[in-house]
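This report concerns only the one structure given below.
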Amino acid sequence: MNLGDFLNKHIQDAELKLVLYGNLGYYHDDVFSMSLLQFANAQSSFNRGGGHFIRGGSQNLLNYLASVIQDTGGQVLLGKKVTNVLVKNDKVCGMKFEDSLNKNITETSVRAHRVVFNGTIPILSNLLPDPQAQILLKKFGSLEPACSLFHYILASKGHRENLVTKFYKKSVIALQKHDRCRVFGPMGDFSIAINTRGIVFLFLALASLQQVLPLLMDLEKQSFPKPVFLFYSNRYKKAAAYDEQLQAIDLMHYNYVPVITSQEPKINGEFLKSKLSTPYLANFDYYVVGSSRFLHSMETLLLENEVNRSQIVIDDFG
């Protein structure tokens with residue numbers, strides 16, 4: 001028996017069903033093809049022993065892995081998109097990648113004895129040259145895509161049934177097998193313009209640091225001579241990912257300003273003027289990363305202080 005039929009047979013309350021198969025996404029993506037026995041075994045283990053997570057969150061694991069790579073002479077590159085896997089004498093020998101944040105940077109080739117690919121087979125086949133791609137597709141191309149641990153959460157102030165009826169049903173329930181859909185990420189165009197002004201980054205917690213770190217590293221390589229300020233807003237200090245790396249950026253006039261909103265006011269005009277040591281905010285260009293609400297408040301603040309809209313670059317994380 002499958003999980004969906006079992007729940008429908010014994011339980012009428014829709015909310016209770018959602019609670020009972022809340023962990024479904026870890027095992028499968030469809031209650032009506034999920035084995036009841038398999039789900040029961042996994043769920044009973046969860047009920048007895050609970051879930052286990054890395055203390056401090058998954059960012060701590062990434063920080064540790066990055067530190068191991070760097071401590072052994074390796075380099076961690078952020079914001080790079082692999083465009084080709086290089087093959088010589090029928091063996092993988094490296095890769096090509098482009099900078100996904102700054103399109104002005106030319107494509108780079110890296111040679112390696114081993115390449116570890118953490119992605120799907122269809123994506124890998126598109127990166128390989130034709131002979132190797134065909135071998136891969138011949139072996140795996142006929143297989144059905146497996147369940148992926150990709151989740152999204154819909155939040156609504158109204159009742160769940162209203163959300164499903166008005167919005168969710170039209171966009172998701174209407175999808176058929178093999179239909180394609182696109183999930184949008186950051187909505188901005190984020191690269192450093194050549195200018196004669198200083199630079200201010202206004203950065204909200206939970207936004208992707210991949211948007212900012214590569215830009216800072218590029219400025220570091222250029223020995224950028226103008227003042228650079230990075231305001232990093234978090235509710236608590238322990239939530240500030242990459243805090244040590246941001247402090248360690250080696251720029252001539254670099255100022256890292258963590259803003260801990262549980263202990264001090266949120267970013268406002270007077271706060272910026274005091275930290276930038278100038279009443280004229282228009283002396284800088286601004287790169288703003290964060291939620292739509294954060295972007296709107298920062299843009300409004302800057303425009304009210306006579307900063308030209310052309311001096312404001314944004315990346316919207318929703």
Note to self: What is the distance in Å between the Cα centroid of segment 1-20 and that of segment 256-318?
What the structure shows: 49
Check: Taking K and R as +1 and D and E as -1, what net charge do the other residues with C-beta under 12 Å from the C-beta of M298 add up to?
Finding: -2
Notebook entry, point to check: Which order do peptides 42-53, 299-310, 229-240 fall in by mean Cβ count within 10 Å, highest first?
Noted result: 229-240, 299-310, 42-53
Check: Stretched out fully, how many nm does the piece from V92 to K238 gain, at 0.36 nm a residue minus the Cα gap?
Finding: 48.5 nm
Notebook entry, point to check: So who's got an amide H within less than 5 Å of the one on N84, skipping anything under 5 residues away but keeping other chains? H placed 1.01 Å off N, in plane.
Noted result: K96
Next item on the list: Work out how much length T120 to L137 would gain on full extension: take 0.36 nm times their residue separation and subtract the Cα-Cα distance, in nm to one decimal.
Entry: 4.9 nm
Checklist line | segment 257-315 - accessible surface per residue (Å², probe 1.4 Å) | finding: 53
Next item on the list: Give the carbon-plus-sulfur fraction of the accessible surface of segment 1-124 in %, rounded to a whole number; probe 1.4 Å, heavy atoms of protein chains only.
Entry: 55
Note to self: Accessible area of segment 258-314 with a 1.4 Å probe: how many percent of it is carbon plus sulfur?
What the structure shows: 48
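The values are calculated or read from the model by the stated rules, or taken from the named source; none is laboratory data. For clarity, every value in this text was computed on a predicted model and none was experimentally measured. Glycine also receives a Cβ, built like all others from the backbone with ideal geometry; neighbour counts cover every protein chain displayed. Quick note on the areas: whole protein, heavy atoms, side chains included, nothing else; ligands and nucleic acids left out. Shrake-Rupley method; radii C 1.70, N 1.55, O 1.52, S 1.80 Å.
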